[in-house]
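The values are calculated or read from the model by the stated rules, or taken from the named source; none is laboratory data. Note that this is a predicted model, so its numbers are computed, not measured. As a convention, Cβ positions derive from the backbone with ideal geometry for all residues, glycine included, and neighbour counts pool all protein chains shown.
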Amino acid sequence: MGIQEIRETMKNCRFCFMCRHACPTFLATKLDSHTPRGYALLLSEIDEGLKEWSNECIARFYQCSQCGLCREDCEFHWKEDDLVRHAREEIVAIGREPQNVKGIAESVRRTGTPFGHRKNESIGNVFKNQQNPDVLYFAGCSTHQFHPEVVQSLTGLLNYSGLSWTMLEPEICCGMPLFDLGYPTFAHQQAESVAQLLADRNPRLLVTGCPHCYRAFQEKYPEWGVSLPSSIQVMHSTEFIDQLMRERKIELKSKLALSRVCYHDPCQLGRKMGIYDFPRSIIHQVTGHSPIEIFHNREKAECCGAGSALFFSDPGISTQVARVRWNRIQEENPQLIVTACQNCKTALQGVSSIDVLDISELIIQVLGGDQS
Amino acid sequence: MSQDIDYLQEELIHELEKIVGPERVLTDQAEKDVQSIDVWWITRYWFFNREPFPQPFAIVFPECTEEVVRLVRWCNEHQVPYVPRGGGAGDSGGSWAIHGGLVIDLKRMDKILELNKKSLTVRVQSGIIQKHLEEYLNRHGYTMNHFPASFNTSALGGFISTNGTGVLSSKYGKVSDMVHQLEVVLPNGTIFKSLPVRLHSTGPDYSRLFFGAEGTLGIITEALCKIYPLPERRTFRSFILPSLSEGIEAGRKIMVNGLMPCLMRLYDEFDTRHILKNQFGLEQDGCVLMTGFDGLGKIVDAQMEVALDIMQQSGGKDIGEELGNTWWTNRYRSYYPPLDYICEPWMTAVTDTVAPYENIEKIYWEMKKAVEEGFQKWNAQFHAHFSHWYDWGTSFYPTFLIKNVPEDKKEALSIYHALIDACVMASIKNGGVINEHHGIGLRFGRLMKEIYGDNYNLALTIKNALDPDHLLNPGKLGLGD
Ligand SMILES: Cc1cc2nc3c(=O)[nH]c(=O)nc-3n(C[C@H](O)[C@H](O)[C@H](O)COP(=O)(O)OP(=O)(O)OC[C@H]3O[C@@H](n4cnc5c(N)ncnc54)[C@H](O)[C@@H]3O)c2cc1C
């Protein structure tokens, strides 16, 4: 942990300008201190004792959305997103993280979720905390908090599918935002708790629509040495829906009359976890048309500004970044934006003049409203 | 800093905020620090040696020409030095605020204003990153054909200001060949717009003053650039010539026989060994020459046929298309660390030189000798490629490198300056011009009088007339302190 792990990245990135054209935060602000070179240089000043952490410098490190586009764009794939995360660990270690970030960690400590006590959403006929179900649906904290309609849609699909399913009550944070924000130990502890809750329910399939939770379960838990029972298969909702369609557990009787749907690739789902085709295939099946590709798409898709809890910790910057992405989307003149991450939905909804739907909501529209 | 000065600065900042809005005036140390280092070795050396950087008191981000006008007038009124900045990725410290003052960062001036599909032009604000402009053009079926290695990161205004060159320059020229019209905010705060076409005889084309002026004569705010339809075909072919002399002669024949290769790249023996080994696992002497043609398929084929004849007559061994194709696809790769030296504390610089054919090879050997023999004690390395060709001459792009930089700062700097002097002298004494495209800035500024002789008085006269108080990018291009 800490700076020593990313010294090589720091050394290679601090004078290199080559990826700045791609960085979504830079595109929004045009500040050099918002570029991967900027982060590496600032951190190396601190590492070499030339500077101390200033408030502005700390703010910059928390204005990166950890989207990983710089790493993707780089010929040598230097892990700049990791560098930023390690810098945050240093900042947390000296207790200087911004108030909003502190608030997130404190909220998880107090309530189990970054956003405090959840709103009372009505999910309908939900069998919470069932043992040995086919599916355990893990909605994710920000979905519960800001997008109950997405929870409704996914649970509607589960009802429609005829599978037995359950949700955790209470559902607590998977640990991923804590990790991203510089609290690795706390993230590991949180992961242990979640893994225990999941093991107790022992589902065959763990489905989440949140790409951050998905990445935590698939990639980070094994890295952190937190094990889920090997009998539990983890799926993102896009893969799950695609599978339900292939197995004819969901049958579409009609198509939505939409010919210009843009699909925005969430960074965590696409670039970080390599899921690009399931959502595209679902859109094709639902509308009869392939989605219109936004100019930078798939692994080169720009972040919407929500990543790394930015939509919550620094809404001002997040909105600026979202505007850049919305301008790109607008160029395609779409009728609808579809995405597969609730935080992308939040960010894009805040700036777009057309509807933004999660992929589960798209399906539910053809299946016909409430499936509870 | 005393309370009074703090208070004064607050007032100044407040006034700047009235011009561009509070969110576009930055005074924070983080941004100043990151902007302090460009690609000039000295700026990195300053960092390694913990030297304090010259820094502005504020950085402003205008979004339109009108705001630039108001900023320039404000600087005049308060006698504040100001420095225009594009990508900040120049090689010569050109955007270093050596006298403090204000940095006018143009990267928010990135709008594409008009695409003219009839006369094939695009009108654009000067702060746009070249790659963003090219992406826009490509999506509409066009290209600017300007592909410098800093394409990802430098701005159009920066390229105009250093009169940059891209890898397809042998056909498409330097930036000065790519721009029809410029809009510039002059140091007196008025707007100058050159005539809508540049090939006229209605007086001199005054826009030429600003190509290569490195922000010392005005701030470029808008340009009308030439564009081309995306080529139907682009084909590369590579050859191994027995020696550098034969390579240069073969290249010359291609250029003087009316062919228009988009790509001409001749590598010296050092670079050739490296390339052949990396690419083909070959240990072979000689010099690789890559050439390429683009445009309509029939024209490409016809030109390639003639080029093949010339190469055969010149003793060139045809090694096919693969090397060129791979190079084109990966043309920026070597600029990423760890391949780029930039990540190392090594002393390095490029001293690109252009000269007529009769002089170019001699300059190459003289410069190589001056570096390798003159600085043998420090194990100085020198290698080069010849990458911008014309029908009257060509240019080479040499890199010198010293890995064991002396610990003593005075000694290190004196070696660096002596190396620069040696390269410049090797060039000018043998009829060449040093700096083909990497900017003069502070790196070569002190040598401008040497390079031009008394002729440089004209430059000083123009500077004094346009910017009598020397507030605009002072100290650069050898135009005063
Ligand atoms: C990896 C790498 C590879 C490179 N390869 C090439 C190459 O192949 N070809 C090439 O030509 N160059 C190359 N360069 C050099 C560099 O990109 C050029 O010098 C470029 O022109 C600098 O542009 P910039 O926008 O970064 O300018 P800056 O560094 O911001 O400025 C350069 C100078 O221009 C002035 N200036 C900037 N914008 C304006 C404006 N709008 N109006 C007036 N003055 C202005 C500044 O004051 C300064 O003096 C390379 C640099 C790097 C980092």
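Hey, among the residues in region B:39-53 that are buried (at least 17 other Cβ atoms within 10 Å of the Cβ) and in contact (Cβ under 8 Å) with a residue 12 or more places away in the chain, which one's nearest to the other protein chains (Cβ to nearest Cβ)?
B:Arg44
Please determine, by comparing only the residues of region B:97-112 that are farther than 14 Å from B:Ala155 by Cα and touching a Phe, Trp or Tyr at 6+ places or on another chain (Cβ under 8 Å), which one is farthest from the ligand (Cβ to nearest atom).
Of everything passing the filter in region B:97-112, B:Gly100 is farthest from the ligand (Cβ to nearest atom).
State whether the residues of region B:162-170 include one that is surrounded by fewer than 24 Cβ atoms within 10 Å (Cβ to Cβ) and more than 15 Å from the ligand (Cβ to nearest atom).
no
Please pick out the residue among B:Val405, B:Val433, B:Val424 that is more than 14 Å from chain A (Cβ to nearest Cβ), away from the ligand (no atom under 16 Å from the Cβ) and under 30 Å from B:Ser176 (Cα atoms).
B:Val424
Filter region A:127-166 for residues that are more than 20 Å from the chain's Cα centre (by Cα) and among the aromatic types (Phe, Trp, Tyr); which is modelled with the lowest pLDDT?
That would be A:Phe127.
Out of everything in region B:171-199 that is charged (D, E, K, R) and more than 12 Å from the ligand (Cβ to nearest atom), what residue ends up being farthest from the chain's Cα centre (by Cα)?
Of everything passing the filter in region B:171-199, B:Lys193 is farthest from the chain's Cα centre (by Cα).
Please indicate, with yes or no, whether at least one residue in region B:227-240 is away from chain A (no Cβ under 14 Å), within 16 Å of the ligand (Cβ to nearest atom), buried (at least 16 other Cβ atoms within 10 Å of the Cβ) and more than 20 Å from B:His385 (Cα to Cα).
No; the residues of region B:227-240 include none that is away from chain A (no Cβ under 14 Å), within 16 Å of the ligand (Cβ to nearest atom), buried (at least 16 other Cβ atoms within 10 Å of the Cβ) and more than 20 Å from B:His385 (Cα to Cα).
Looking at B:Leu276, is it more than 16 Å from the ligand (Cβ to nearest atom), surrounded by 13 or more Cβ atoms within 10 Å (Cβ to Cβ) and farther than 26 Å from B:Phe400 by Cβ?
No, not satisfied.
Could you list, in sequence order, the residues of region B:114-144 that are in a strand (DSSP E or B) and either acidic (Asp, Glu) or within 13 Å of chain A (Cβ to nearest Cβ) (or both)?
Scanning region B:114-144 gives B:Glu114, B:Gln125, B:Ile129.
Please find, within region B:146-161, the residue that is nearest to B:Ile128 (Cα to Cα) out of those that are touching a strand residue (DSSP E or B) at 6+ places or on another chain (Cβ under 8 Å), near the ligand (Cβ under 6 Å from one of its atoms) and away from chain A (no Cβ under 13 Å).
Residue satisfying both the conditions and the ranking: B:Gly157.
Name, by its number, the condition in (1) closer than 22 Å to A:Pro315 by Cβ; (2) within 12 Å of chain B (Cβ to nearest Cβ); (3) in a loop (DSSP other than H, G, I, E, B) that does not hold for A:Leu50.
Just one mismatch for A:Leu50, condition (1).
Restrict the check to region A:80-95 and report whether at least one residue is out of contact with any Phe, Trp or Tyr (no Cβ under 6 Å at 6 or more places or on another chain), assigned to a loop (DSSP other than H, G, I, E, B) and surrounded by 23 or more Cβ atoms within 10 Å (Cβ to Cβ).
No, that holds for no residue.
Hey, can you tell me all the residues within region B:336-362 that are in contact (Cβ under 8 Å) with a residue 12 or more places away in the chain, within 19 Å of the chain's Cα centre (by Cα) and within 14 Å of chain A (Cβ to nearest Cβ)?
Answer for region B:336-362, where residues must be in contact (Cβ under 8 Å) with a residue 12 or more places away in the chain, within 19 Å of the chain's Cα centre (by Cα) and within 14 Å of chain A (Cβ to nearest Cβ): B:Tyr341, B:Ile342, B:Thr348.
When region B:73-96 is examined, which residues are found to be surrounded by 24 or more Cβ atoms within 10 Å (Cβ to Cβ) and more than 14 Å from the ligand (Cβ to nearest atom)?
Once the filter is applied, which keeps residues that are surrounded by 24 or more Cβ atoms within 10 Å (Cβ to Cβ) and more than 14 Å from the ligand (Cβ to nearest atom), region B:73-96 yields nothing.
Could you check, for region B:328-335, whether at least one of its residues is modelled with pLDDT of 95 or more and away from chain A (no Cβ under 14 Å)?
Yes; the residues of region B:328-335 include at least one that is modelled with pLDDT of 95 or more and away from chain A (no Cβ under 14 Å).
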